[in-house]
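Okay, so here's the structure we're looking at.
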Amino acid sequence: MKENSRRGFMGKAFGAVAGLGAIGSLVAMKKSWDPLPSVKAAGFTTLDMSIYPEGEMITEKWRGKPIFVLKKTAEMLEAEKSDPAAQARNIKVGNDNFMVCIGLCTHLGCIPAFRKKEGNFLCACHGGMFNAAGDVIKAPPPRGFDIPPFRIDGNKMILGEVGPEYQAMKDNGVTL
Amino acid sequence: MAHFTKATSVKDWLNQRLAVETVEKVMASEYWIPKNINFLWAMGMILAVTFTLLTISGIFLLMYYQPHVDHAFYSVNFTIMREVDFGWLWRHIHGVAASVVFLVIYIHMFTGIYYGSYKKGREMIWISGMLLFVTFSAEAFSGYMLPWGQMSYWAGMVITNIFSLGSLHLDGLVEWIRGDYVPAQAFLNRFFMLHVFLLPLVIMGLIGLHFAALRIPHVNNQDGEEIDFEEESKKYLADDTKNSKVMRFANDFLSKDLMVVGFFLIFFFYLVFWHYSFALDPVNFDPADGLKTPAHIYPEWYFLWSYEILRPFPVDIGLIAFGFAQVIFMLLPWLDRSENTVPANRRGKFAIWFWVMLVDMVVLTAMGKLPPEGIFSTIGLVASLLFIAMWIILPFITKNEKKA
Ligand code: FES
């Protein structure tokens, strides 16, 4: 009896030590797989918004992802008049209106192609479509392009930092 | 300590220390195989041989492969293919085997389904086999990343995005899996580790389990006949080999196994030397570019059917359907409610179910390869719905099956 309780105690004590060690090592394993600090530190990009030509879709790079920048033409803005959802996605820098978004399809992450003539984006992977404002117009993508966190500074745009304009868009549910 | 006597031979010396004779009996000379099984039962041996070929060719590729985003592509396409003597041979063997192994796995699987080899007492064989299939899929996928071509990169992008689980938006989880915002160095290194170490280790363990699962219920046979292995093996050992329903694995059955393996190897090396290109996607001969998606993304042929089940639906439903397709085969022993362990052709409705399922998967495979437009989308959608419906009705059509 006495013998048994002693072995029982030893078993439990071992269990406790091993359990603590197991939890600790799981934490270490989780953290080892986190993105490295150098990867995170490189996560900012500054764009000079004054150089973009109107109506031309330009692809920039931020955190390895393509960023679509489209300076809206007067016709494009005109076409959006009746579409408040599209207007809400416009980003004003100075007097110009831009579409800036992460150029990855919200379905499974392919890069949709801009079709200048039609003025929309087609994702060849599963046939998703987006309009010039970045809103989805044909499934499977569940939502419009995501807008990267940004801060506006004069005619510069810093991607990766959260400014008030971006925060407002997020709060209004314009982007995720 | 046990009692040791002076050894009379090398074998005796080993036998006293390692019980080699017992091992030999269990593994080969008294491992009993029913006599009435056809060449489809040799697929297991073919898989073992193919896995060996993959391992050996993999070892040789490993000696020059560079798991670095700037060098991986050239180490494969230039160093291994052009500079290393016979480097092309290892790559072709590896690439062709990786593709052919799935063909054989599917034949192996459908043989099991046709003859009811997953039933009554053989459930563990089926489950361990399906676990092997899943691990092989992960192994194939991680290997596909390593040449770091366009398809590698974008397949990596798409598949890891699946882990954001649609509307749950677990982007943090996706970034954690990749170790970066997009597939990059951390991603390449960890898939390299998975491909050359962790997953092969798991596969070897599962192969062990798969074999062990066979030892007690024994292998099924063409008629689904319940054989008393104890009785039959006694007859065999008493030299009544003619009336016994079983035979030794080695060297009796092995001769047939190896003959089928021989035919397979001729076919295999024919592909390796003359038709290796079917296993190498042309898009993957462009180096990875994170700013350009290939016009049309599709996986290797062996994943097309489950990819097609994901495709025609909105994202969440698609993911659920995809998850369904991944696990449902595992549940087959319980979804098939009939007691009959006989070939499908003697089971009435189940025979129809079997062939419709097979054809449906072929259709899904074909649609997965075609661009998702117009009539192809519609056929894909119908085939996906049919696939799901088939599994739902399976318990009902098998429940009232007459005793065959
Ligand atoms: S990734 Fe764009 S539609 Fe699927």
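The values are calculated or read from the model by the stated rules, or taken from the named source; none is laboratory data. Model, not experiment: these values are computed from the prediction. Using ideal geometry, Cβ is built from the backbone for each residue, glycine included, and neighbour counts are taken over all protein chains shown. The accessibility values were calculated without ligands, DNA or RNA, using every heavy atom of the protein model including side chains. Shrake-Rupley method; radii C 1.70, N 1.55, O 1.52, S 1.80 Å.
Some observations on this one:
- When B:Met247 is tested against (1) assigned to a helix (DSSP H, G or I); (2) at pLDDT 90 or above, exactly one condition is not met: (1).
- When B:Thr55 is tested against the conditions (1) closer than 27 Å to B:Asp223 by Cα; (2) in a helix (DSSP H, G or I); (3) of a type in the set (Val, Ile, Thr), the lone failure is (1).
- Total residues in segment B:308-320, condition crowded, with 21+ Cβ neighbours inside 10 Å, part of a helix (DSSP H, G or I) and within 12 Å of chain A (Cβ to nearest Cβ): 4
- Within segment A:77-103, tally of residues that are at pLDDT below 80, open to solvent by 20 Å² or more (accessible area, probe 1.4 Å) and under 20 Å from the mean Cα position of the chain (by Cα): 4
- Any pair with Cβ under 7 angstrom, 6 or more apart, that starts in segment A:93-110 at a residue that is of a type in the set (Asp, Glu) and ends at one that is within 16 Å of the ligand (Cβ to nearest atom) and modelled with pLDDT under 85: none
- For segment B:153-191, a tally of residues being in contact (Cβ under 8 Å) with a residue 60 or more places away in the chain, more than 10 Å from chain A (Cβ to nearest Cβ), surrounded by fewer than 21 Cβ atoms within 10 Å (Cβ to Cβ) and closer than 16 Å to A:Leu108 by Cα returns 1.
- Members of segment B:10-42 that are of a type in the set (S, T, N, Q) and either in contact with a helix residue (DSSP H, G or I) (Cβ under 9 Å, 6 or more places away or on another chain) or closer than 28 Å to B:Ala213 by Cβ (or both): B:Asn15, B:Thr22, B:Ser29, B:Asn36, B:Asn38
- Only listed residue being within 20 Å of B:Ile105 (Cβ to Cβ) and not in a helix (DSSP H, G or I), chosen from B:Pro294, B:Pro299: B:Pro299
- Within segment A:16-54, the set of residues being within 17 Å of A:Val93 (Cβ to Cβ) and without any contact (Cβ under 8 Å) to a residue 60 or more places away in the chain comprises A:Ile51, A:Tyr52, A:Pro53, A:Glu54.
- B:Ala383 meets each of the listed conditions (1) surrounded by fewer than 19 Cβ atoms within 10 Å (Cβ to Cβ); (2) in a helix (DSSP H, G or I) apart from (1).
- Which listed residue, of B:Leu131, B:Leu165, is touching a helix residue (DSSP H, G or I) at 6+ places or on another chain (Cβ under 6 Å) and either within 16 Å of the ligand (Cβ to nearest atom) or within 19 Å of B:Leu54 (Cβ to Cβ) (or both): B:Leu131
- The sole residue among B:Gly129, B:Gly121, B:Gly116 that is within 21 Å of B:Ala212 (Cα to Cα), surrounded by 19 or more Cβ atoms within 10 Å (Cβ to Cβ) and at pLDDT below 95 is B:Gly116.
- Any chance B:Phe350 is open to solvent by 20 Å² or more (accessible area, probe 1.4 Å), of a type outside the set (Lys, Arg) and either within 30 Å of B:Trp90 (Cβ to Cβ) or in a helix (DSSP H, G or I) (or both): no
- Condition met for A:Ser5 (surrounded by 10 or more Cβ atoms within 10 Å (Cβ to Cβ) and more than 30 Å from A:Met157 (Cα to Cα)): no
- Positions within segment A:137-149 being touching a Phe, Trp or Tyr at 6+ places or on another chain (Cβ under 8 Å) and within 11 Å of chain B (Cβ to nearest Cβ), in sequence order: A:Pro140, A:Pro141, A:Pro148
- Assessment of segment A:104-111 against the conditions (within 30 Å of B:Leu319 (Cβ to Cβ), of a type outside the set (A, V, I, L, M, F, W, C), more than 10 Å from chain B (Cβ to nearest Cβ) and buried (at least 16 other Cβ atoms within 10 Å of the Cβ)) yields no matching residue.
- Identity of the residue in segment B:272-299, under 17 Å from B:Pro371 (Cβ atoms) and not hydroxyl-bearing (Ser, Thr, Tyr), that ends up farthest from the ligand (Cβ to nearest atom): B:Pro282
- Count of residues meeting criterion [open to solvent by 20 Å² or more (accessible area, probe 1.4 Å) and touching a residue at least 12 places away in the same chain (Cβ under 8 Å)] in segment B:201-211: 5
- For B:Leu319, the test of being modelled with pLDDT under 90 and either touching a Ser or Thr at 6+ places or on another chain (Cβ under 8 Å) or over 18 Å from B:Phe110 (Cβ atoms) (or both) is passed.
- Among the numbered conditions (1) surrounded by fewer than 16 Cβ atoms within 10 Å (Cβ to Cβ); (2) in contact (Cβ under 8 Å) with a residue 40 or more places away in the chain; (3) within 9 Å of chain B (Cβ to nearest Cβ), the only one that A:Arg63 does not meet is (1).
- Residue in segment B:263-286 that is more than 18 Å from B:Ser99 (Cβ to Cβ) and modelled with pLDDT under 90 present: yes
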